[in-house]
Amino acid sequence: MLLRRRLWLPSCTFLIRTAPKLDLPSRHSPILPLALGTGCARQMISSKRKAPPNQSSTPAKKRPKPDIPEYHTTPSVKEDDGSIQWPAPRSQIDKARSIILESAEAKSNIVLVPDKDADGLSAGAILQHTLLLLGVSPERIKTHLLTKGNTVHSDVERQRLASFNPEYVFVIDQGSRPGPPIVDSPHTGLVIDHHFATPSDFPEGSNYVTACHSPPVATSALLTYHICETLHPEVASKCDWLCVVGTHGDLGTTLKWSHPFPDMNSAFKKYKKKVLNDVVSLVNAPRRTATYDVRSAWEALSGTDDPASVLKNPRLLDARAEVNAEVERCTHAAPKFSSDGKVAVFRIKSEAQVHPVIATRWAGHLQSNKLEIVMVANEGYLEGKVNFSCRIARCARGRESPVNIIEILKAYANLPEIVPVEGGATTEEPPSAVTTNPTLLERMGENFARGHVQASGGIVATEDFEELMRRMEVGVKKANDSSPSKNKTKESPAKQKNTLLTYFKKG
């Protein structure tokens, strides 16, 4: 047991540890090295105040935000005559205008099939207003809203469309995919869209106008507004706010309306930008609820000339509160990452369509040098299915190689299947074992990797989605044996041999 001797010196106190009954020569007096003002005393005092040499006194630098160019500055493509091809090829726009005028002059039924979100509903409302301005009676215009989980190619939807006995069918913002004719009876079909598509990705026999290959890619509402604006002089004044609502619904409320986008300053002055942005939030809410109440959003949006009236709709207000609560409940799920670190996967279970909202939210927060995509998979939206949404992580938007979600998802699906073996290990299935069976990509079908290259997703069977997760090796960490930082054994610093205690034991 060491004894403590308290020594009082002017303005400071030292505790000296000494060994009991230690016979020290006079020259080893414990007071000598601690005399006030000596170098040893100053060194002991200052050593208590100094930070460890391996710690920096300056705070760590924040990760710089990626330099993301404004959307409207995306380089455009040119027509054959050198003019800008925007918002779609001129030949497609001219054809769309002629079909709309033909439908207005005919006497048979016209069916509008708009998508469920702010962009699709706004585009449908613009076309409806245009037809009414062209003299079409309201009785001739029918609106068909798809039910939850269906597409225009679902048998039940094709039967309902056929019941209207339409001569003209306008499919708006539904996404483009190959399939049979919209209805089996003779008709003229026009697809107005902006989702990524090839010339073969449309219903058989249908005409189409698409913005997907004319960057900066316009929304369906903006494309429809551009098509209809020249068909009647009152379209611009009556539908400008609908164009803004639909465009902000897909491209965000911070979008700059600069060339080649049209000038919407008059609409912002007339209706106020905050009002229009609030309309976006309210109109998007009903289709996200578990009841999938798209009809209430359509009626509120298409049945008014004053956007402020939409903000007072009680059903839309209730729907937004319901969706916000569900987003808050599900948004705190912990992510797992693919083995290459490029994809963060969140798994949730909700009857509401909140997975796109959560994907967008997390895409703006997660940061990593490898991260490219944020995926949110919802196992509770449709029975036996997994609905998932993917967004490009904000930290990946400014990189040299653009991220194409559709191509990346298909590349993962084409990886060899990971098969469990004894002992909990895994192995790749030999190619000969899968040559006679449909590939995973073929099994998932046309509902996989649809949408945009920047915002994609899909609806696939649960077992197929789990196989996709295995091929991506989600949650699997690969050891990096070649990493020198992990393999190198850290040497502990040399211990100080001459301490105060050993000093007193000398002699």
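The values are calculated or read from the model by the stated rules, or taken from the named source; none is laboratory data. The structure presented is a predicted model; accordingly, all values stated were derived computationally and were not measured. No Cβ is skipped: glycine too gets one built from the backbone with ideal geometry, and neighbour counts run over all protein chains shown.
General remarks:
- Verdict on Asp119 being surrounded by 23 or more Cβ atoms within 10 Å (Cβ to Cβ) and on the phi > 0 side of the Ramachandran plot: no
- The residues of region 267-297 that are of a type in the set (Phe, Trp, Tyr) and within 13 Å of Ala319 (Cβ to Cβ) amount to a single one, Tyr292.
- Residues satisfying the stated conditions in region 343-354, i.e. within 14 Å of the chain's Cα centre (by Cα) and touching a residue at least 60 places away in the same chain (Cβ under 8 Å): Val343, Val345, Gln353, Val354
- Test for Gly475: is it within 30 Å of Glu70 (Cβ to Cβ) and either at pLDDT 80 or above or out of contact with any Gly (no Cβ under 9 Å at 6 or more places or on another chain) (or both): no
- Qualifying positions in region 362-394 - within 23 Å of Phe196 (Cβ to Cβ) and of a type outside the set (A, V, I, L, M): Trp362, Gly364, Glu372, Asn378, Tyr381, Lys385, Asn387, Phe388, Ser389, Cys390, Arg391, Arg394
- Considering region 343-353, the residues that are touching a Lys or Arg at 6+ places or on another chain (Cβ under 6 Å) and assigned to a loop (DSSP other than H, G, I, E, B) include one that is surrounded by the most Cβ atoms within 10 Å (Cβ to Cβ), namely Ala352.
- Search result, residues across region 370-413 that are at pLDDT 95 or above and assigned to a loop (DSSP other than H, G, I, E, B): Lys370, Leu371, Glu372, Glu379, Gly380, Tyr381, Leu382, Glu383, Gly384, Ala393, Val403, Asn404
- The residue that is farthest from the chain's Cα centre (by Cα), counting only those in region 300-339 that are touching a residue at least 24 places away in the same chain (Cβ under 8 Å), in a helix (DSSP H, G or I) and loosely packed, with under 15 Cβ neighbours inside 10 Å, is Ala308.
- Any hit, region 200-207, residues being at positive phi, surrounded by fewer than 22 Cβ atoms within 10 Å (Cβ to Cβ) and either assigned by TED's automatic domain parsing to the domain that holds Ser154 or among the β-branched types (Val, Ile, Thr) (or both): yes
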